[in-house]
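Input: a single structure, listed below in structure tokens.
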Amino acid sequence: MKLLRRKEGPSLDSRLAALLEAAELAEGRLPEEAVSGARAVAERAGVRRTLSIDHTVAALAGATGSGKSSLYNALAGADLAAVGVVRPTTSAAQAALWDGEGAGPLLDWLDIPQRHPATSASDLSGLVLLDLPDHDSIQVSHRLEVDRLVALVDLLVWVVDPQKYADAALHDRYLRRLAAHRGVMLVVLNQVDRLPESTVDRCLRDLRRLLDEDGLAGVPILAVSARTGTGLAELRALLNDRVAERKSWSTRLAADITTAAARLGTPEEAPARQAMDRALTAALCEAAGVPLVVEAVAKGHRHRAVVATGWPVTRWIRKLRPDPLRRLRIGTMAGASGPVGELPSGRAPAAPSGQPASASEQPAGSSGQGFGGEVVGRTSVPAASAVQRARVETAIRDVGEAAAADLPGPWAAAVRQAARSRSQELADAVDRVVATTSARATRRPRWWRAVNVLQWLVFAAMLAGALWLGGLFGMDYLRLPQPPLPTVGVVPWPTVLLVGGALAGVLIALLSRLAAWAGGRRRARRTARALRTAVGRVGDDLVLAPVRAELDRHARFTEALTRARA
Ligand SMILES: Nc1nc2c(ncn2[C@@H]2O[C@H](COP(=O)(O)OP(=O)(O)OP(=O)(O)O)[C@@H](O)[C@H]2O)c(=O)[nH]1
Ligand SMILES: [Mg+2]
């Protein structure tokens, strides 16, 4: 017996743990009934295994008048239960005990106060036989008592009679639902003394067919008469076998686990995970105004290049115009170039993404809104249009749909929900990474400073030439003698300085502009790539990660369910 316990224990233990785990993971995903059912089974099993496993509780269940009480008395060898002609007779379950020492707590748990020692031969040592009320009773309390005990006992003995063995109440409400429990079930056809000898076999064959249809192939059927004693010896022998094995309790619990696990669903292969992030990233980029920002990066670069390297005579005109990137409040916000987490706090929470479409019609630089709602300290990239918002929502839905495909209904719904779960945070988060990522594009190349120095040197030369010529002009005007004039070839130096300085300044400005144009393009391209990556990461964090978490949960659920069913 000890050996048996060791053999059954761990497997039952691990299956129970797996069932509990599956129930936990299914919480909020699958119908509450199935989840709490699994928990109840685990709890019941936990209690049963702490009570006497040296006793096997067998219940006589069946319709009123089938002869449960008569059979109970016949097996116990005494008139313990009332056998009546008024139907129904038995209203509360009672127990007959063969060597019942130590069965007290078990019967307390079963809530059966009426207990009698059996007086028949003690070959059934360890049997606790219950006489139940009728399952098809007109009394609700009888039916409830039967249902309660049918869920708890170790062994079910269904007592049927030749008239009512095909009753739908028995087959639909009990037998078919207990198909997993066929290992702990016997069917007794009582009152065979009332059948002509020739029809007993036909009756048994018909009963067999019905049981097979219920999924109960292999369940033993015994033809018995409580009145004449026919078949009682076989019934006693069968009960004796089951009681001696002392396995019914664990077989019953195993069947309970199987049923509870089946109600949680069938383990499904986890669907292949598809990369759906590309469309999402594209939609998020559009909604966050990435193309606009990228264009502003190129223009801003050129703008700052002209201010830094342009011809000193004309560059101030450019200075009067605003920087296209700064106009979007990128690269100007405090901490905008720092890591995301260090951005100014105190933002208002993003409003739901169902913003009025008019927000998108505000001009750049005045809206302060993203595609979610108004927040403090955002970029001034114009808010997303209704179309762009709809595209983001579609992309999120597509991510959910793709991940949910091939999943069973409730889990698919949970995955779709997970895809949407953090979508309200998207607008704000995307705007933040757009600000930080594109702010890096405002760094000034080193050559600007060198060219600037050169520009001023050239400008100084031009100025010197101009002053020199001015001096010469003044002296000539005052009819003063001309000082000797150095020349380069035939051209006097002051003229070389003035004209050469002006030409060189303009030429340097033009060349710098050319370089800045190429640099702006390069910078815009690099920023676009960085933005796509950063925005993609936000989509991954806020849309794909919750989906992955839910798929992982389903995978763990499936794995636990597989272990529970083993
Ligand atoms: N002929 C015959 N009559 C039987 C047999 N077993 C029981 N009866 C009779 O059937 C009637 C009902 O028997 P019970 O044992 O009270 O039936 P029960 O299943 O306990 O009925 P409830 O307590 O109402 O659920 C009684 O009159 C019994 O004498 C049998 O094997 N043969
Ligand atoms: Mg009875």
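Some notes on this structure:
- Verdict on Asp201 being acidic (Asp, Glu), away from ligand 2 (no atom under 16 Å from the Cβ), assigned to a helix (DSSP H, G or I) and in contact (Cβ under 8 Å) with a residue 40 or more places away in the chain: no
- The lone exception for Val499 - which of (1) surrounded by fewer than 18 Cβ atoms within 10 Å (Cβ to Cβ); (2) modelled with pLDDT under 95 it fails: (2)
- Of the numbered criteria (1) buried (at least 22 other Cβ atoms within 10 Å of the Cβ); (2) at pLDDT 90 or above, the one Gln369 fails is (2).
- Residues of the range 206-220 satisfying the condition of being among the aliphatic types (A, V, I, L, M) and in a helix (DSSP H, G or I): Leu207, Leu210, Leu211
- Look at (1) under 26 Å from Val41 (Cβ atoms); (2) within 16 Å of ligand 1 (Cβ to nearest atom); (3) free of Cβ contacts under 8 Å to residues at least 40 places away in the same chain and you find that Gly84 fails only one, number (1).
- Selection status of Leu472, more than 26 Å from Thr437 (Cα to Cα) and part of a loop (DSSP other than H, G, I, E, B): no
- Of His142, His135, all but one fail to be crowded, with 21+ Cβ neighbours inside 10 Å, within 13 Å of ligand 2 (Cβ to nearest atom) and within 26 Å of Leu204 (Cβ to Cβ); the exception is His135.
- Counted residues, the range 433-467 - those being at pLDDT below 95 and either in contact with a Leu (Cβ under 9 Å, 6 or more places away or on another chain) or buried (at least 21 other Cβ atoms within 10 Å of the Cβ) (or both): 9
- Consider the range 44-78 and keep the residues that are in a loop (DSSP other than H, G, I, E, B) and more than 16 Å from ligand 1 (Cβ to nearest atom). The one that is surrounded by the most Cβ atoms within 10 Å (Cβ to Cβ) is His55.
- Ala504 vs. criteria in contact (Cβ under 8 Å) with a residue 40 or more places away in the chain and surrounded by 15 or more Cβ atoms within 10 Å (Cβ to Cβ): yes
- Elements of type helices (runs of 4 or more DSSP H) contained in the range 381-468, each with 2 or more residues being over 30 Å from Thr314 (Cα atoms), in contact with a Gly (Cβ under 6 Å, 6 or more places away or on another chain) and of a type in the set (Phe, Trp, Tyr): none
- Qualifying residue in the range 138-157 (condition: near ligand 1 (Cβ under 10 Å from one of its atoms), in contact (Cβ under 8 Å) with a residue 60 or more places away in the chain and of a type in the set (Gly, Ala, Ser)): no
- Hits in the range 48-77 - residues which are farther than 22 Å from Leu253 by Cβ and more than 15 Å from ligand 2 (Cβ to nearest atom): Gly77
- Ala515 touching a helix residue (DSSP H, G or I) at 6+ places or on another chain (Cβ under 7 Å), in contact (Cβ under 8 Å) with a residue 40 or more places away in the chain and surrounded by 12 or more Cβ atoms within 10 Å (Cβ to Cβ): no
- Remark: Leu175 matches the filter, which requires a residue to be crowded, with 19+ Cβ neighbours inside 10 Å and more than 16 Å from ligand 2 (Cβ to nearest atom).
- Elements of type strands (runs of 3 or more DSSP E) in the range 79-194, at least 3 residues being modelled with pLDDT under 95, closer than 26 Å to Val219 by Cβ and under 48 Å from the mean Cα position of the chain (by Cα): none
- The criterion of at least 1 residues that are in contact with a strand residue (DSSP E or B) (Cβ under 8 Å, 6 or more places away or on another chain) is met, among helices (runs of 4 or more DSSP H) falling completely within the range 221-329, by 232-245, 248-264.
- Taken over the range 87-132, residues that are more than 11 Å from ligand 2 (Cβ to nearest atom), of a type in the set (D, E, K, R) and free of Cβ contacts under 8 Å to residues at least 60 places away in the same chain amount to 5.
- Matching residues, the range 197-230, being among the acidic types (Asp, Glu) and either within 22 Å of Arg177 (Cα to Cα) or in contact with a Gly (Cβ under 6 Å, 6 or more places away or on another chain) (or both): Asp206, Asp212, Glu213, Asp214
The values are calculated or read from the model by the stated rules, or taken from the named source; none is laboratory data. Worth saying up front: this structure is predicted, and the values here are computed from it rather than measured. Cβ sites come from the backbone with ideal geometry, for glycine too, and all protein chains shown count toward neighbours.
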